[in-house]
Ligand code: ZN
């Protein structure tokens, strides 16, 4: 039996995983891989029909993630990246996405209409997202070329400073009120993104930056963040932020990472039980049109029962068992993202 619900997802890092393995044979590694969380075979098995595919420049010296097992924690922000190096990585990772498109494994989509057409043809619909805008200079000279390459969603920061603003560190417990708002260049970036029709993603951005994006008149989007009232991580959103997402007609995607689901901030493999609790809060505050998924597949520790895209029907079942209606589950699993992108990517 095919999966009951079509999933459109707000965030995955499969491009990073494929890029790390080098260009050789990456199409075959996406078709079916023995590691990671997302590939074509498991996407098909789980009803994953599309999502945001992130380009992400990894930190040269990542932190020891063992600290995540012992909250409270406060991991310092990594230093800024060099723009030239970041741009090179972004170009290489965009090539990965274009190669998968050429191989017919997915379709790189630039508009809501292209997303629906790709899904209608049975192809995975991929939206190119950039998580952290290190590859773009303060004058935005590279932005239009990236847009022409297919970029349609942009996070001004990952959890490290850029010329555009500051992100939140992995800190638990904490709110996101850490550091200053968008810089002058950050405000230029958001204004230009608005003109081009790019989605601006506030996941990873600090609280002041979040408000700066909201004030720019864009629908406020957080592709992969949870409810701070349930799990007080710096990466999760307060009720006030969720309310703004609802009021601006934006969207927030539930992050499956155990550390953001667990109310104690731990890598608890049993964290899937908290998913309906987060969603209830997110729906109560932002509204049921404004909530979707943002898996963080291939970028974060996954809970038991949701260890790959093939397990997505388990999430739907968990929500149905928790009393969510079938129509609401359909919208959470992907309907809301698709309606939103049909409106904003034109
Ligand atoms: Zn992220």
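From the Kirkwood radius over Cα pairs of the chain, Stokes-Einstein at 25 °C and 0.890 mPa s returns a whole-number translational diffusion coefficient of 125 µm²/s. When peptides 329-340, 48-59 are sorted by average Cβ neighbour count within 10 Å, with the highest value leading, the order is 48-59, 329-340.
From the alpha carbon centroid of region 115-156 to that of region 232-285 is 25 Å. Taking N as the residue count of region 203-346, its C-alpha radius of gyration divided by 2.2 N^0.38 Å amounts to 0.97.
Restricting the calculation to alpha carbons of region 21-97 gives Rg and Dmax of 16.2, 42 angstrom. The order of the peptides 211-217, 295-301 by mean Cβ neighbours within 10 Å, most packed first, is 295-301, 211-217.
Contact order, relative form, for region 1-136: 31 percent (alpha carbon pairs under 8 Å, 6 or more residues apart, mean separation divided by residue count). Dividing the mean sequence gap of close Cα pairs (under 8 Å, 6+ apart) by how many residues the chain holds gives a relative contact order of 21 percent. Using only the Cα atoms of region 119-192, build the gyration tensor, take square roots of its eigenvalues as a ≥ b ≥ c, and label the shape rounded, prolate or oblate: rounded if a/c is under 1.5, else prolate if a/b is larger than b/c, else oblate. Taking the square roots of the gyration eigenvalues as a ≥ b ≥ c, region 119-192 is oblate. Mean residue ellipticity at 222 nm, helices only, the chain: -10500 deg cm²/dmol; runs of at least 4 DSSP H residues each add -39,500 (n - 2.57), and the sum is divided by the number of residues.
Every read-out reported here was derived from the displayed coordinates using simple, explicitly stated rules and does not represent laboratory data. Because the structure is predicted, anything quoted here is derived from the model rather than measured. Note: ideal-geometry Cβ built from the backbone for every residue, glycine included; neighbour counts use all protein chains shown.
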